[in-house]
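Taken together, the values in this text are just the output of simple stated rules run on the coordinates, not laboratory data. All figures in this text were calculated on a predicted structure; none of them were measured in a lab. FYI the Cβ positions are ideal-geometry reconstructions off the backbone, even for glycines, and counts take in every protein chain you see.
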Amino acid sequence: MESTETDVLIVGAGLTGCTLALALANTSLDVMVLERGRPIRPPALNDPVCAGAALTGVVPGRIIALNRQSLEALARIGVPSESYPHFPFHRICAVDGCGSGRFSVAASELGLDTLGSIVHADAPVAAMQAQLRDASSVEIRFEAEVSSLDDAAESTSVTLSDGSCVDAKLVVAADGGQSTVRTMAGIQQLGWTYSQQAIVCNAQCALPHGCDASQVFLDTGPVALLPLSSGDQSLVSVVWSHNDADALCALTDDEFCAALTEATEARYGEVIAVTPRLSFPLLQHQALGYVRKHLVLLGDAAHTIHPLAGQGANLGIADALTLAQELGTCRYSGQLPGDIRLLRGYERRRMPINVGVAALMEGFYRLFGSSHILPLWIRSRGMSELARVAGIRKLIGQLATGTWSFDQDELVRLRGDNLHSQDESDV
Ligand SMILES: Cc1cc2nc3c(=O)[nH]c(=O)nc-3n(C[C@H](O)[C@H](O)[C@H](O)COP(=O)(O)OP(=O)(O)OC[C@H]3O[C@@H](n4cnc5c(N)ncnc54)[C@H](O)[C@@H]3O)c2cc1C
């Protein structure tokens, strides 16, 4: 059977795997990406049917919020947001649905025009996969499923389900929350499921959303309304985490619209129509280590968090760029990409942030999921009091834009180095 060698083998061409592959494109490293699925087709989010002209009968995909930092980072690696459908949000609003607490931060307070954009999860991935197919320095293979892993002294060898092998100095597990590579590598994880599921659909409301990304916290779970059209329109994506999701899914469309209107306190007026609902199990896990010799975990393969603050993909993108920076140092240090000291640098930089965000999400989940009097009082008073503290507003604004999570200047340096190294090889 065929056997190939590469420097960096990325398993999984989702958001994080593709981000790493593009960040490493044109470096001196050979990069190969293996994806078990077929190429993602760009979702037609701008299609009038999908955008709400005829909501009934349309199955929406998963919609995610990418923060400003992630959008800028993707643009720097060659995937500007203009290359896929996206809907900017200018303000985040949190409302305590069981009390009187309110909190909001606008982009203008931070001197920005937007805080981020709402995108179909497949949209940037489709754009990145298309770029990778055209990139001469990266090989991407579809319908290529990794089925086993073997350690050698200087490399790790993976076998695909068709029996072919790839020998890599570094294997990157970017194969999602159910990562087979993580399991095969024997890396343990700490995790738990929530007694909730996320129900996802699109909804047409009576009033314009004004480009707000809103979240109403209820004791049955949070419900997010994310803008899916320009500010004077009223199509939103709904992510409703609920502890009785089956009952909500069993409602007729009219009953669901009424329940959503009530749960969101008619934030954008009455909910008029909804698309069919999809449901996703909610779980939280953290790998106990992100690295071992010749192998590293990235994105959801390393951590999965509750989507209540929309951070999972953003953290995965920051993971990928941090790893790319660490690998970029191979050129100067003479280290091999699978060198454990180099990989530990990535783990040291990313693990505290990822664990910290997961802990914060867990704290929110517990604080808002309780109907006891003390948490009720803390969140009602706390949200309103905190909303007046400029430092806290700024901190939450930074969390929303992602500016605390990753140093863009480092990426500029990495890209500069890459272009420089390409110039040298051109000479
Ligand atoms: C309801 C919901 C709402 C969310 N909302 C947000 C949000 O608003 N903002 C945000 O930042 N995040 C959000 N997230 C999280 C976000 O979707 C994930 O964190 C992100 O998509 C993970 O990307 P990934 O590339 O790490 O993994 P994945 O997207 O799972 O990609 C893994 C890839 O690996 C491939 N693969 C798997 N096994 C193999 C194998 N053995 N061989 C080859 N290929 C393989 C898969 O086919 C897949 O393409 C949300 C999640 C949920 C469930």
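What Kirkwood hydrodynamic radius do you get for region 295-357 when you take the inverse of the mean 1/r over all pairs of distinct Cα atoms, in Å?
12.2
Going from the fewest other Cβ atoms within 10 Å to the most, the residues Leu399, Leu34 appear in the order Leu399, Leu34. Applying 1/(1 + (r/R0)^6) with r as the Cβ-Cβ distance of Arg102 and Asp151 and R0 = 56 angstrom yields a FRET efficiency of 0.55.
Shape class of region 224-287 from the Cα gyration tensor (axes a ≥ b ≥ c, square roots of the eigenvalues): oblate, since a/c reaches 1.5 or more and a/b does not exceed b/c. For the peptides 14-27, 103-116, the ranking by mean Cβ contacts within 10 Å, running from highest to lowest, is 14-27, 103-116.
What ranking do Tyr332, Tyr84 get, fewest neighbouring Cβ atoms within 10 angstrom at the top?
Tyr332, Tyr84
Starting from 0.36 nm per residue, how many nanometres of slack lie between Thr183 and Asp113 once their C-alpha separation is accounted for? Extra length from Thr183 to Asp113 when fully extended: 20.9 nm. Computed extension length for Arg331-Ala359: 6.5 nm, one decimal, from 0.36 nm per residue of separation with the Cα-Cα distance subtracted. Taking 7 Å steps out from each Cα toward its Cβ at Ala250 and Arg344 produces label points 5.5 nm apart.
Relative protection proxy for 356-364, 168-176, from highest mean packing down: 168-176, 356-364 (other beta-carbon atoms within 10 angstrom).
Here each label is just a point 7 Å from Cα along the line to Cβ, and for Ala390 and Glu270 those points are 4.5 nm apart. Packing-based ranking of 210-219, 294-303 yields 294-303, 210-219, ordered from highest to lowest mean Cβ neighbour count within 10 Å. Note on Glu82 and Arg41: the model spin-label points, each 7 Å out from Cα along the C-beta direction, lie 2.7 nm apart.
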